[in-house]
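**Student:** Before we start, here is the structure in question, set down as structure tokens.
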Amino acid sequence: MKVVVYLLACGLAALGLLFVVAAGQGNAFPRIAIGVICLAASAALVALVRLRPLQQTHVHQTTLTLSGDVSLEELTCKQCGGSLSERSVALKAGAVFVTCEFCGAQYQLEEAPKW
């Protein structure tokens, strides 16, 4: 996009210079006015491209570290007994929440003390 704007600005600047130089051939005032307008438009395009803020992309990544020994076990819903998959588990505000795909029950997983 910047390249297109720079090419357009160069074209306008060349056209403006052409009109200013041609003002010596007669009809000076309109040619100078058009030339100055083209040069100003060219400068404005370049200024707009340079002053435009950069678009930034932010990536937020959350990792979960578990304390102690972790073993894989099948999770079942506390209300309906349905089997829960990894799609049922979500990390929100640093806590693990489960949403049952079958009955819609929502609850927070709590880690039992190992002592």
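What follows is calculated from the coordinates using simple rules that are stated; it is not laboratory data. Just so you know, these numbers come straight off a predicted model, no measurement behind them. In this analysis, Cβ positions are derived from the backbone assuming ideal geometry, glycine residues included, and neighbour counts consider all displayed protein chains.
**Student:** Quick check: the angle from helix 28-51's long axis to the longest principal axis of the chain, C-alpha only, nearest 10 degrees?
**Tutor:** Computed tilt is about 20 degrees.
**Student:** Here's another thing I want to ask about it. Take peptides 7-13, 56-62, 19-25 and line them up by average Cβ neighbours within 10 Å, highest first, as a rough protection proxy.
**Tutor:** 7-13, 19-25, 56-62
**Student:** Would you kindly compute the Cα radius of gyration of the chain and its largest Cα-Cα separation (Dmax), both in Å?
**Tutor:** 33.4, 99
**Student:** Return the calculated 222 nm mean residue ellipticity for the chain, to the nearest 500 deg cm²/dmol, obtained by summing -39500 (n - 2.57) across DSSP H runs with n ≥ 4 and dividing by the residue count.
**Tutor:** -13500 deg cm²/dmol
**Student:** Then there's this: State, in angstrom, two size descriptors of the stretch 1-60 derived from its alpha carbons: Rg to one decimal place and Dmax to the nearest whole number.
**Tutor:** Answer for the stretch 1-60, Rg first and Dmax second: 16.3, 65 Å.
**Student:** Once fully extended, how much extra length lies between Gln25 and Leu48, figured as 0.36 nm per residue of separation less the alpha-carbon to alpha-carbon distance?
**Tutor:** Extra length available between Gln25 and Leu48 comes to 4.9 nm.
**Student:** For the chain, the longest stretch holding no trypsin sites (Lys or Arg not before Pro) located in a DSSP loop with at most 14 other Cβ atoms within 10 Å is which?
**Tutor:** Longest site-free region, per DSSP loop and neighbour criteria: 1-77.
**Student:** If the rule is a partner Cβ under 4.7 Å, which cysteines in the chain fail it?
**Tutor:** Cys10, Cys38
**Student:** Using the alpha-carbon atoms, what tilt in degrees (0 to 90, nearest 10) does helix 2-22 show relative to the longest principal axis of the chain?
**Tutor:** So the inclination is approximately 10 degrees.
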